[in-house]
1. Looking at the structure I just gave you, is VAL278 assigned to a helix (DSSP H, G or I) and either out of contact with any helix residue (DSSP H, G or I) (no Cβ under 6 Å at 6 or more places or on another chain) or at positive phi (or both)?
2. Within the stretch 272-291, identify whether any single residue is more than 22 Å from THR186 (Cα to Cα) and among the acidic types (Asp, Glu), and answer yes or no.
3. In the stretch 44-67, what count of residues is obtained for those that are modelled with pLDDT of 90 or more and charged (D, E, K, R)?
4. Six or more apart or on different chains, Cβ atoms under 6 Å: show the pairs whose first residue is in the stretch 63-81 and closer than 20 Å to ASP204 by Cβ and whose second is assigned to a helix (DSSP H, G or I) and of a type in the set (D, E, K, R).
5. Name the residue, out of MET26, MET70, that is assigned to a helix (DSSP H, G or I), under 20 Å from TYR190 (Cα atoms) and either open to solvent by less than 20 Å² (accessible area, probe 1.4 Å) or at pLDDT 80 or above (or both).
6. Out of (1) among the charged types (D, E, K, R); (2) closer than 17 Å to ILE11 by Cα; (3) assigned to a loop (DSSP other than H, G, I, E, B), the odd one out for LYS171 is which?
7. For residues that are at pLDDT below 75 and assigned to a helix (DSSP H, G or I), scanning just the stretch 1-22, find the one that is farthest from VAL198 (Cα to Cα).
8. Quick test for you: out of GLY192, GLY117, pick the one residue that is without any contact (Cβ under 8 Å) to a residue 40 or more places away in the chain, surrounded by 15 or more Cβ atoms within 10 Å (Cβ to Cβ) and within 26 Å of LEU304 (Cβ to Cβ).
Amino acid sequence: MRSSKIGAISIVAGTAIGAGMLGLPMAIGRLGFTNGSLVLLFMWIVAMYSAMMVLEVNLEVGEGAHFNTMALKILGRPGQLVATASVFFLLYCLLVAYMTGMGNLIAGATGLDSRLGTIIFAAVSAFILYCGTNTLITVNKFLFITMLGAMVLSFAVLGGKLNMSNLSLGKASPSTLLIALPVLFTSFGYHGSIPSIVSFVGADKKALVRIFIIGSAIPGVCYILWLLLSMGSATPSQLAGMTNVDALVALTSGGSHWVQNILSTFTLLALLTSFFGVSLGLFDLVAETFKRSNDSAGRAGTSLAVFLPPMAASLLAPNGFIAALSHAGVALAIIAIFLPCAMVWKMRSEGRSTKFRAFGGRPAIIISAICGVLIIVANYM
């Protein structure tokens, strides 16, 4: 497989494996391992289908066109306004979650104030993004491979500390199931980077489908293992009471400093890879929406527009990790479910869907829309 395809897969997988993964045990701990895994599998299918719908629209409208452009050409100006606002809200919410998590991890590792850790992280990330897409993808590919190694090491260490009886704890109920949906869907939230990946890879349909299947399957497998280890290390009531990443790391480490260091390294890399994937999508969206130039001054201004708002929100709400993920789930449902459903439905009704077609026909579109309604309702229960 070409290096560019591997890089694209790492963007998809790395964008997903991040804040969403780290928030899963806290979000679905009450459900128990078996019920949580089944719901996770279902949400992977929903996210995969919605990605195929986005790909269908993108290839028809123009390779690499972002959501605001796709919505404008298919749904008109109202659709563009909804798409643009929702994408911005989603990506900024995710960056708030990442910066909050990173600030807490840096504070735990260095003793610095978490807000200062957030500022340092934002400054370094802005510089990497300013250097260009190729630089970011190269850095992200290296970080992703390193993260997989840290993940394997973390899983190996935690595997010897499992309390298997914890896995049978937890109880599924309609309320606990619904409350978990926004974070579950956000854990597969790579959709904002789809236009950038299409632009980077080109209109090779088979290659793109493989990239999204492989890139999203890697997080799915990792999530199941992560749930097994985290739920085997803590009770449902302990997981449900957490609000931030550092608390999860401290609990699952069982009081061992070296285990905590390994887990902190893994969570740090997981946040980084996801953060860069989301940052790339937001950078391109800001540049396209506001017609920013690609010269040094233009990229510097765009980088500031990407990082300053979420940094400010993270500094104001340093414990808002799960809340940011839940709000991101609502925005993602609009972007990755409702808008693609509406655009694909209209395109097919007008006979405009000729280059690629997502599987399932109209029944799959209707089921996806119902799932989107449940995700939004769940966030405000």
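The values are calculated or read from the model by the stated rules, or taken from the named source; none is laboratory data. The structure displayed is predicted, hence computed values, not measured ones. Glycine gets a Cβ as well: all are built from the backbone with ideal geometry, and neighbour counts include every protein chain shown. The protein model used for the area step is the full one, side chains on, heavy atoms only, and it has no ligands, DNA or RNA in it. Shrake-Rupley method; radii C 1.70, N 1.55, O 1.52, S 1.80 Å.
1. Against the criterion (assigned to a helix (DSSP H, G or I) and either out of contact with any helix residue (DSSP H, G or I) (no Cβ under 6 Å at 6 or more places or on another chain) or at positive phi (or both)), VAL278 does not qualify.
2. Looking for residues that are more than 22 Å from THR186 (Cα to Cα) and among the acidic types (Asp, Glu), one finds at least one in the stretch 272-291, hence yes.
3. 1
4. So the pair list comes out as HIS66/GLU288.
5. Sole residue among the options that is assigned to a helix (DSSP H, G or I), under 20 Å from TYR190 (Cα atoms) and either open to solvent by less than 20 Å² (accessible area, probe 1.4 Å) or at pLDDT 80 or above (or both): MET70.
6. Looking at each condition in turn, LYS171 falls short on (2).
7. Only one residue tops the list, namely LEU22.
8. The match here is GLY117.
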